[in-house]
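The values are calculated or read from the model by the stated rules, or taken from the named source; none is laboratory data. Being a predicted model, the structure only gives us computed values, none of them experimental. Neighbour counts are summed over all protein chains in view; Cβ atoms, including those assigned to glycine, are modelled from backbone coordinates with ideal geometry.
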Amino acid sequence: MKTKFIQLLSLVLFQSIFAQPNVDLELIASGFDMPLSIRNAGDSRLFVVERFGYIKVLNNDGSVNSTPFLNIESQVADSEGIGQEGGLLGLAFHPDYQNNGYFYVHYTDNLDDTVISRFTVDPANPNLADSNSEMIVLTVDQPFPNHNGGDLAFGPDGYLYIALGDGGTFSDSANNGQRLDTLMGKILRINIDGPLPYSVPSDNPFRTDGDPNTLEEIWAYGLRNPWRISFDSLTGDLWIADVGQGTREEINLQPVSSLGGENYGWRCYEGYNSYNLTACASEESMTFPIAEYPHVSAGPFRCSITGGYRYRGNNIPGFYGIYFFADHCSNDIGTLSYDGLNWNIDFSASFGEQGFAGFGEDQNNELYVAALTTGNIYKVVEETLSDQPQNFQTLKLTPNPADDMVHIHGINNILHWELSDILGKRIQMTIPGPGIDTEISLSGLAKGLYIVSVLDASGQLYRRKLIKK
């Protein structure tokens with residue numbers, strides 16, 4: 001029984017290792033001043049949001065326009081002090097931007113209060129916004145300079161969704177996350193195409209709840225500091241990454257079929273764990289995250305999630321459908337994939353002191369990430385085999401190239417091996433255990449490139465290219 005358990009555990013470990021996408025980053029541009037977010041306007045340009053009030057144009061050749069697209073530095077809070085989380089935080093282009101030239105920003109002003117504003121592009125210059133065109137859509141008085149949220153995005157329904165944190169301080173002492181008489185700790189949903197500055201959609205969930213104190217703009221609640229939201233460009237599902245208090249980071253998924261009104265739990269719950277159940281609704285009424293991860297585990301210390309996107313590009317088939325995110329403290333890229341039953345989190349190796357603060361998509365749905373600390377913009381790419389760690393080189397395959405049979409050498413105490421195609425699709429595998437066969441039959445395989453992956457008894461993973469003649 002013990003042997004079978006060890007074999008099963010090894011197989012689960014091996015399968016979880018090979019479920020991990022091989023994530024790497026390609027430097028696209030550098031020299032930005034605290035970049036927080038990346039957006040596209042339906043063309044080849046990327047728009048990089050800088051915290052101190054600038055939006056800059058990054059062209060597809062890697063050059064950055066010398067004149068900012070937008071400069072509102074004088075209107076934006078100085079957010080360099082400890083505990084300061086304000087600044088120019090978010091950007092969203094109107095779905096009909098090519099015709100109306102409208103875009104929306106989310107920033108904190110010189111009083112540290114939240115402002116949602118509309119600007120218009122200069123009709124004579126697509127690389128320059130009209131800085132005098134600001135129309136304030138919505139303001140929220142903030143009691144503290146942290147937990148502002150900061151993102152905004154247009155949904156598939158054409159409405160503008162706005163992410164707001166719980167107002168700051170420790171443990172949401174005002175219980176803003178659970179209250180419906182404040183916009184803090186919420187996802188808002190407003191119509192910006194009707195009467196100005198906005199109207200409330202008729203199907204917002206709390207518009208007719210009968211309580212005169214309820215704010216109709218609320219779409220979902222129970223959030224602490226939603227740091228980045230995004231809509232799946234294929235399905236329309238809403239992804240919400242919420243920064244935890246002290247022990248857990250969480251990822252929430254709201255399906256496109258949702259009617260709104262979800263209570264995501266804070267401050268009653270932090271992730272799946274109860275936090276402060278005073279005056280809380282029943283557990284059954286809460287919508288819990290589809291995934292969470294701890295701050296302290298066997299790996300590096302993590303502390304602050306940066307939400308991203310579900311990959312819908314064409315360049316990397318192995319990434320398709322995977323949700324990408326990052327942790328600001330551990331400086332690694334996280335992936336969340338669905339195996340048909342469960343959502344599974346994996347992490348890349350750390351990329352050093354980057355301070356990942358926001359993701360973005362280009363017009364082809366390829367992914368990018370902004371590094372607050374280094375000022376770099378990276379493209380999310382797949383790690384090439386030439387980038388693999390040196391320990392992979394101890395695995396030997398003979399002959400290679402091979403015709404009908406290949407032999408595994410150089411690894412002691414092999415528990416398990418797997419043969420897959422270049423896209424990661426499994427072709428053959430062994431059942432873990434001592435004394436396994438180290439010969440791989442290539443009979444019936446087409447000519448081409450394959451990957452042999454081996455797990456030894458210590459848990460060390462090895463991988464090698466194999467050419468089938």
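So here's what we get for this one:
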| item | result |
| --- | --- |
| Looking only at region 164-186, and only at residues there that are among the hydrophobic types (A, V, I, L, M, F, W, C) and in contact with a Leu (Cβ under 7 Å, 6 or more places away or on another chain), the one that is nearest to residue 225 (Cα to Cα) | 164 |
| Output for region 329-343, where each listed residue is outside any loop (DSSP other than H, G, I, E, B) and acidic (Asp, Glu) | 332 |
| Hits in region 260-284 - residues which are modelled with pLDDT under 95 and closer than 14 Å to residue 226 by Cβ | none |
| Meets criteria (closer than 24 Å to residue 383 by Cα and surrounded by 13 or more Cβ atoms within 10 Å (Cβ to Cβ)) for residue 325 | yes |
| From 25, 128, residue being more than 27 Å from residue 192 (Cα to Cα), touching a strand residue (DSSP E or B) at 6+ places or on another chain (Cβ under 7 Å) and either part of a strand (DSSP E or B) or touching a residue at least 40 places away in the same chain (Cβ under 8 Å) (or both) | 25 |
| Conditions (1) farther than 20 Å from residue 234 by Cα; (2) crowded, with 22+ Cβ neighbours inside 10 Å: number failed by residue 352 | (2) |
| Residue match in region 198-212 (condition: part of a strand (DSSP E or B) and more than 28 Å from residue 279 (Cα to Cα)) | yes |
| Tally, over region 285-342, of residues that are β-branched (Val, Ile, Thr) and farther than 18 Å from residue 228 by Cβ | 3 |
| In region 172-211, the residues that are closer than 20 Å to residue 145 by Cβ and exposed (fewer than 15 other Cβ atoms within 10 Å of the Cβ) | 173 |
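Here is a yes/no grid of residues against (1) over 29 Å from residue 373 (Cβ atoms); (2) among the β-branched types (Val, Ile, Thr); (3) part of a strand (DSSP E or B):
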{"residue": "280", "(1), (2), (3)": "yes, no, no"}
{"residue": "284", "(1), (2), (3)": "yes, no, no"}
{"residue": "289", "(1), (2), (3)": "no, no, no"}
{"residue": "299", "(1), (2), (3)": "no, no, no"}
{"residue": "303", "(1), (2), (3)": "no, no, no"}
{"residue": "308", "(1), (2), (3)": "no, no, no"}
{"residue": "315", "(1), (2), (3)": "no, no, no"}
{"residue": "325", "(1), (2), (3)": "no, no, yes"}
{"residue": "345", "(1), (2), (3)": "no, yes, yes"}
